[in-house]
Amino acid sequence: MFQTYKTIQSGSLLLLVLFLLGCGGPEPRRPVEVKSGSFFKASVERSKALLAKEEKKIQEIIEKDSANEYVQSAAGSWYRLDVVNAAAQYNPRPDDLVVMTYNVIGLNNDTLYTKDDIGVVTYKVDKQELFPGLRNSVKLLKEGETATFLFPSSLAYGYHGDDEKIGVNVPIKTTLSILKIEKYRDSVQ
């Protein structure tokens, strides 16, 4: 009987040791693959190279168009004023309604959308979706003015295009006309 008790006791001790070792707590899972960030670094480098290539093409267009003077905007586009309204003093501000027309042309002068295709657009400044370059450009013009803008693809329709006529990473040219600005009542000074 003493032998049986000793066997039970040593078996219990073994179970107790195994139980305590098994209760060490959950061990966190380690990632199967460690990301080094090299994909993002490569993507940034590709984007920089693409922008440099597009800016070079835009500079070539500007150099060939010696009859006009181009200005670089703070947003990264270039533009020339085609029609100036010297009497106008007000540039659109957020929440103003702007009535405008514009077209979309590739840098090789291939027409993607005419102003008739797009129609007259009523745009609430900074509150509605337009491609990034156009959102910024609207605020540069006054009522009655027209300008031609050159946009790198990052300010146009980007890496996605528009799913219709504008492909991936296509820099564009746009002639924008501001027909009317309806001031938001808080904008009136």
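The values are calculated or read from the model by the stated rules, or taken from the named source; none is laboratory data. Keep in mind that what you see is a predicted model, and the values were worked out from it rather than measured. Glycine also receives a Cβ, built like all others from the backbone with ideal geometry; neighbour counts cover every protein chain displayed.
Any idea how many residues of the stretch 148-178 are in contact with a Ser or Thr (Cβ under 7 Å, 6 or more places away or on another chain), in a strand (DSSP E or B) and of a type in the set (A, V, I, L, M, F, W, C)?
Adding up the residues that qualify gives 4.
Please find, among D82, D96, D116, the residue that is under 21 Å from L179 (Cβ atoms) and either among the small types (G, A, S) or in contact with a Lys or Arg (Cβ under 6 Å, 6 or more places away or on another chain) (or both).
D96
Looking at (1) surrounded by fewer than 19 Cβ atoms within 10 Å (Cβ to Cβ); (2) of a type in the set (S, T, N, Q); (3) in contact with a Phe, Trp or Tyr (Cβ under 9 Å, 6 or more places away or on another chain), which is the only condition S153 fails?
(1)
In the stretch 85-118, what residues are loosely packed, with under 14 Cβ neighbours inside 10 Å and of a type in the set (F, W, Y)?
Once the filter is applied, which keeps residues that are loosely packed, with under 14 Cβ neighbours inside 10 Å and of a type in the set (F, W, Y), the stretch 85-118 yields only Y90.
Can you spot a residue in the stretch 108-128 that is among the small types (G, A, S) and at positive phi?
Checked against the condition, which is being among the small types (G, A, S) and at positive phi, the stretch 108-128 yields at least one hit.
Show me the strands (runs of 3 or more DSSP E) entirely contained within the stretch 36-122 in which 1 or more residues are without any contact (Cβ under 8 Å) to a residue 60 or more places away in the chain.
111-113
Can you give me the number of residues within the stretch 145-189 that are farther than 17 Å from F131 by Cβ and either basic (K, R) or at pLDDT below 95 (or both)?
Number of matching residues: 8.
If you check G144, G161, which single one turns out to be of a type in the set (G, A, S), more than 16 Å from W78 (Cα to Cα) and either free of Cβ contacts under 8 Å to residues at least 12 places away in the same chain or in contact with a Leu (Cβ under 7 Å, 6 or more places away or on another chain) (or both)?
G161
Against the condition assigned to a loop (DSSP other than H, G, I, E, B) and crowded, with 22+ Cβ neighbours inside 10 Å, how does Y184 come out, does it pass?
Considered against the rule, which asks whether it is assigned to a loop (DSSP other than H, G, I, E, B) and crowded, with 22+ Cβ neighbours inside 10 Å, Y184 comes out as no.
Just to be sure before I move on: is L130 assigned to a loop (DSSP other than H, G, I, E, B), hydrophobic (A, V, I, L, M, F, W, C) and within 13 Å of I172 (Cβ to Cβ) in the structure I sent?
yes
(1) at pLDDT below 95; (2) within 25 Å of K165 (Cβ to Cβ): which one isn't true of K127, the others all being true?
(2)
Residue by residue through the stretch 122-149, note down the ones that are within 12 Å of I181 (Cα to Cα) and either of a type outside the set (D, E, K, R) or within 17 Å of the chain's Cα centre (by Cα) (or both).
Answer for the stretch 122-149, where residues must be within 12 Å of I181 (Cα to Cα) and either of a type outside the set (D, E, K, R) or within 17 Å of the chain's Cα centre (by Cα) (or both): T122, Y123, V125, V138, L141, G144.
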